[in-house]
Amino acid sequence: MELFSETVNQATSKAVIGDLTLRDLYRTNTDMVNGYLNWEGYKIVKSLHAQGFKGLLLPADGGPYDSRLLEGPLSYRHAAETAGLGIIGWHGLLITPEYGPRVRLACILTDTLFASSTPLNIASPCFKCSDNCIKICPVEAIGKPQVEEAYRLDKYACCSYYTASGMCAECLKACPAGKSSP
Ligand code: SF4
Ligand code: SF4
């Protein structure tokens, strides 16, 4: 589901008085989208049960995630890329054709059989970009990927900065992908 740009633009890691309350809009809007995604997932699982299938909802937020290792058992972004919803950009986020990286995801694991989709066959917007995310990251956590790398992210630097500042979405805001007027 889309995160609206007006909301994303309120997110800041370099908050001064006044920004602190404005940036809360990003958090509350994200919570709202997460809740909506979770509700849709809940209804899908109910529907799967009614048809005799299993469904394990992995929520948009608060899903299985080991904060010590900064990893979980399933990467939503990679699942989404495999399912053809988008491609992973140099900032390590899923880039969708419609909304760029301004999206939230939830997953359902199920034993239902359905027609599979295929990964998107589109050129990465990163090669036409001016390395916006690399330049704007306050802790230089994003690097240019090497051959056969999809992205190069120092997740510990990113996570440490995010935790210390209470929020960071600089790479998300700076990414021109999916914006009608970058
Ligand atoms: S900001 Fe540019 S280089 Fe970074 S992910 Fe977006 S399109 Fe790619
Ligand atoms: S969220 Fe912030 S710290 Fe993390 S990679 Fe993006 S710009 Fe860098």
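So, with a 1.4 angstrom probe, what is the percent of accessible area on the chain that is carbon and sulfur? Its accessible area is 59 percent carbon and sulfur atoms. Mind scanning LYS14/LYS155; LYS128/LYS155; LYS54/LYS173; LYS128/LYS173 and naming the pairs with a C-alpha gap bigger than 28 Å? The pairs that break the limit, which is 28 Å between Cα atoms, are LYS54/LYS173. Cβ screening of the chain for cysteine pairs under 4.7 Å finds these without a partner: CYS107, CYS126, CYS129, CYS137, CYS158, CYS159, CYS168, CYS175.
Could you please report the charge total around PRO176, scoring K, R as +1 and D, E as -1 over all other residues with beta-carbon less than 15 angstrom from its beta-carbon? Working shown, then result.
Values: positive: ARG102, LYS128, LYS135, LYS173, LYS179; negative: GLU98, ASP131, GLU170.
Net local charge, PRO176 excluded: +2.
Accessible area per residue for the range 5-174 is 62 Å², calculated with a 1.4 Å probe on protein heavy atoms, without ligands, DNA or RNA.
Working note: Cα atoms of the chain, range along each principal axis, descending, whole Å: 52, 40, 37. Excluding same-chain neighbours fewer than eight residues apart, the aspartates and glutamates reachable from LYS135 by a Cα-Cα span under 15 Å are ASP154, GLU170.
Please state the charge dipole magnitude for the chain, taken about the Cα centre, from unit charges on C-beta atoms (+1 on K and R, -1 on D and E), reported in debye and rounded to the nearest 20. List each step's numbers first, then the result.
Values: 17 positive and 18 negative charges, 24 e Å.
Dipole about the Cα centre, nearest 20: 120 debye.
The distance separating the Cα centre of the range 1-44 from that of the range 53-125 comes to 19 Å.
What does the highest-first list of 93-105, 60-72 look like by mean Cβ count within 10 Å? Don't skip to the end; give the middle numbers.
Details: 93-105: 20.2, 60-72: 11.6.
In descending order of packing, they fall as 93-105, 60-72.
Note on PHE4: accessible area approximately 110 square angstrom, rounded to 10, probe 1.4 Å, nucleic acids and ligands left out.
How far is helix 19-50 tilted, in degrees, relative to the longest principal axis of the Cα atoms in the chain, given as a value from 0 to 90 rounded to the nearest 10? Relative to the chain, helix 19-50 is tipped by roughly 10 degrees.
Tell me the mean residue ellipticity at 222 nm calculated for the chain from its helices only (DSSP H runs of n ≥ 4, each -39500 (n - 2.57), averaged over every residue, nearest 500). All intermediate terms of the calculation are to be shown ahead of the outcome.
Numbers: 6 runs with 64 residues, N = 182.
My calculation for the chain gives -10500 deg cm²/dmol from helical runs alone.
The residue list ALA123, ASN9, MET167 was ranked by how far each Cα lies along the charge dipole of the chain toward its positive end, using unit charges on Cβ atoms, and ASN9 comes out on top. Where Lys and Arg each count +1 and Asp and Glu each count -1, what net charge lies around THR96 among other residues with Cβ under 14 Å from its Cβ? Summing Lys/Arg as +1 and Asp/Glu as -1 gives +1. Only aspartates and glutamates eight or more places from LYS179 in sequence, or on another chain, were considered; those with a Cα closer than 13 Å are GLU2, GLU6, GLU98.
Each listed q (0.15, 0.16, 0.22 Å⁻¹) maps to a log10 I(q)/I(0) for the range 39-124 from the Debye sum over equal C-alpha point scatterers, namely -0.65, -0.74, -1.18.
Once you charge only the Cβ atoms, +1 for Lys and Arg and -1 for Asp and Glu, what is the size of the charge dipole of the range 18-84 about its Cα centre, to the nearest 20 debye?
Values: 7 positive and 8 negative charges, 56 e Å.
In debye, rounded to 20, the range 18-84 gives about 280.
The values are calculated or read from the model by the stated rules, or taken from the named source; none is laboratory data. Keep in mind it's a predicted model, so treat the numbers as computed, not measured. Reconstructed Cβ throughout: ideal geometry from the backbone, glycine too, with neighbour counts over all protein chains shown. Heavy atoms of the whole protein, side chains included, go into the accessibility calculation; ligands, DNA and RNA do not. Shrake-Rupley method; radii C 1.70, N 1.55, O 1.52, S 1.80 Å.
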